[in-house]
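Just below is one structure, and these are the notes that go with it.
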Amino acid sequence: MNFKKTTSILVILLFAITLWGCKEKKASENNIPKNVKLSTGDNLKILKTYGKAYLGEINTSYGPVYIIEVSGTHYQMGYQYGKLVGSMIPGIWWTFINYLSSEAGQVERGINVSLGIINTLFGMILDEAWEKMEPYVPNEFKNEIRGINDAARDSGYINAYWVNGKYYSDTSVDFATMIKRVIAISNISDISGDLINMVKVIGSGYSEKLKEYYGITGETLSPAAEKIISQIKTQGLENLQIPSIFSHHCSFFTAYNYLTEDHHLIASRNLDWSNGSGIAKFKALTIWAPNNEIPHMTIGYIGFIGAIAGLNEEGIGLGEVGSGGILERLYGEPWVLKFREILEKAHDLDEAIKFVANNVGDGFNRPPTIGYNWMIAYGDPNSDGTNAGVANFENNGAFTGMYRRKPDCSVDAKLFEFNLDGKVFQILTHKDHPFLVNYEGQAVEIMVENSRYPGQVTEIPAPYMVPITKPLKFDTARGKWIYYPGGVSLVIGKPIKCAVYRGDEMMMNGMRMWQTASNGPWDYDNGKVIQNLQRLTSHGGSYRKRYMRMYHAIYAYSHGVTYAGTDDITGKEKIIVPDNNGKPIKIGLDEGANIASWAAMHCCNVISVAYDLTALRVKIAYETGTGDQWKNAADNEYHLFDFRELLNINSKW
């Protein structure tokens, strides 16, 4: 045998096979369409691909929305994400920092706060917050962040961006740090009190009242936090009120069963946050298809890998409202990553609840953190909504109240109490604790006292504070609410069967008693926690303009009657729900968007979402413009997106 000749033939064959393979790959890439016509009437323009991952764009009345799809392991999804949108990630950071610098100066009555100072100061604050949360971040998300950072490095991207004609850069901060900081913003923006109080909570990991509750003694403030506070004082920002910049007036509702078209589960999520920040140019829907887990879509922005809103293929959808209180901790999983976990791992409501109750059973600790109202809705798309239901949660750093509405619309109420380690050590029920674990229709105005109140001895969850509910009347001469023995307690809960709706207000008495939000019984005065016995939930904006608006709209639809309200912008009355001669109007996606729009806060609604979690379709609106040209998301036209269709775009590539 001529080995030299045989070897030459093999080399030629190998080269031919390689060349043929390259041509096949090139042909495959050429088969990727430039535009995809969707059933919703949209044209999806494919801007960029990396393997089967793609970056696309859909034009809407409020501008283009980026569509991103990635798949594989979490590292692979992160790497694909970095390859597709890595060049834009610095944009959301610098745009936000530019906005924050401007707003800080306005809030502080003209103090000139440079962008560089804000970049350094808030970078330090967010890094300190991430350090507290990092041990509770699941490894898969750490791998995802690592993948994004590696892709950015391999692509030669740097931390730099043009904002309003100015070039900003900070090459000392890598892409992983930027991603972590953006995640941290979503947690710290809801901490109660001024900037220094926020840093104290971040620096110690606990609010003062939470430390008191758990008996934590001694100064636990970190050196980094001490340095940050010193810089805050040097810059004259000690009185900066975080809520004045990070507005948090969000809302959500859910309706299902007899209330809705074909018994589908219809829900909403309003994100009322910092308006006109400029980050709307990075609006994006990201489809995550992790190996061996549930495909899901997050609704938000490029550079933000958490879920501020979203749904999964099994019909789970999410909503959130910041609802501050005096019991807060940072030692826990960021809520936007907890939401991602729920979307990628929960096949139904039972599985989703385990992530909130910290009993997933995988050995990973998921403590509660700060004050939130959450909605986890389940549309049951595989059985046309037969097993649909919803759980809403009222959270702080020590307790979680849960109202779970079952497919038949019956309600299960529980109050979870967590120890310092974040583990549940007792679950209270309505049967054993009817005052603390009340049903929504039994929610009353809550006040607090420092002394024990007779008749409530068995209901005392903490030694320093006792919840009480008193009959009240308004004393016009004294200008205050007073105890009125001959009266009745003020009931504030307005439940509708097969529905749930919330703004900031917590309806479980055992949760409401700790609130500062929604005219809660606690408040902050010059950085100090004080009791405020004169504030009533029913007089607050959240209760009147979100909770009651959604209640009236759902009631009107379900009874076929007119509901009119005063427009926040024009001050004129307008019809929200038209008269239908007493015949119920079933709530569908259009009606859901109408309810969401009516509950959106016109000061600061940046994203408004209406879900059909049985059909897996969503209607979404984003804010537009800045300054005088800013327009509320809910006042823009809602755009229809079909999750299933977007998920399958690249199936033939």
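The values are calculated or read from the model by the stated rules, or taken from the named source; none is laboratory data. Since the structure is predicted, the reported quantities are computational estimates derived from the model, not experimental observations. Positions of Cβ are generated from backbone atoms using ideal geometry, with glycine treated the same way; all protein chains shown enter the neighbour counts. What goes into the accessible areas is simple: the full protein's heavy atoms, side chains included, and nothing from ligands, DNA or RNA. Shrake-Rupley method; radii C 1.70, N 1.55, O 1.52, S 1.80 Å.
Things to note:
- Calculated log₁₀ intensity ratio I(q)/I(0) where the Debye formula runs over C-alpha points of segment 502-552, q = 0.15, 0.21 Å⁻¹: -0.40, -0.71
- The Cβ shell under 11 Å around TRP94 holds other residues with a net charge of 0, Lys and Arg each +1, Asp and Glu each -1.
- Restricting segment 283-378 to chymotrypsin sites (Phe, Trp or Tyr not before Pro) in coil, as DSSP defines it, with at most 14 other Cβ within 10 Å: PHE364
- Taken over segment 254-325, the convex hull of the Cα atoms encloses 153 Å³ per residue.
- Segment 346-410 - accessible surface per residue (Å², probe 1.4 Å): 29 Å²
- Segment LYS37-GLU57, extension gain: residue separation times 0.36 nm, minus the distance between their alpha carbons: 6.0 nm
- Whether segment 278-430 is rounded, prolate or oblate, judged on the alpha carbon gyration tensor where a/c under 1.5 counts as rounded: oblate
- Rolling a 1.4 Å probe over the protein heavy atoms gives segment 124-173 an accessible area of 49 Å² per residue.
- Cα point-scatterer Debye curve for segment 116-164, base-10 log of I(q)/I(0) at q = 0.21, 0.29, 0.31 Å⁻¹: -0.99, -0.99, -1.00
- Seen from LYS283, the other residues with C-beta closer than 11 Å to its C-beta sum to a net charge of -1, counting Lys and Arg as +1 and Asp and Glu as -1.
- Other residues whose C-beta falls under 13 angstrom from the C-beta of ASP642 contribute a net charge of 0, scoring Lys and Arg +1 and Asp and Glu -1.
- Equivalent-ellipsoid semi-axes for segment 45-157 (Cα gyration tensor, √(5λ), whole Å, largest first): 30, 21, 12.
- Within segment 273-361, the ratio Rg/Rh, alpha carbon atoms throughout and Rh by Kirkwood, equals 0.99.
- Coupling constants for segment 646-653 follow from the phi torsions by the Karplus curve (6.51 cos²θ - 1.76 cosθ + 1.60, θ = phi - 60°), and in residue order they are 5, 5, 9, 4, 9, 5, 9, 6 Hz; glycine and proline get x.
- The Cα-based radius of gyration of segment 182-236, divided by its Kirkwood radius, gives an Rg/Rh of 0.99.
- For segment 130-156 and segment 585-610, distance of Cα centres in Å: 34 Å
- Segment ASP154..VAL411, full-extension length gain: 87.3 nm, with 0.36 nm per residue of separation and the alpha-carbon distance subtracted.
- Centroid-to-centroid separation of segment 82-96 and segment 530-581 [C-alpha atoms, Å]: 39 Å
- Only protein atoms count toward the accessible area here, which uses a 1.4 Å probe; on segment 295-375, the carbon and sulfur part of that area reaches 47 percent.
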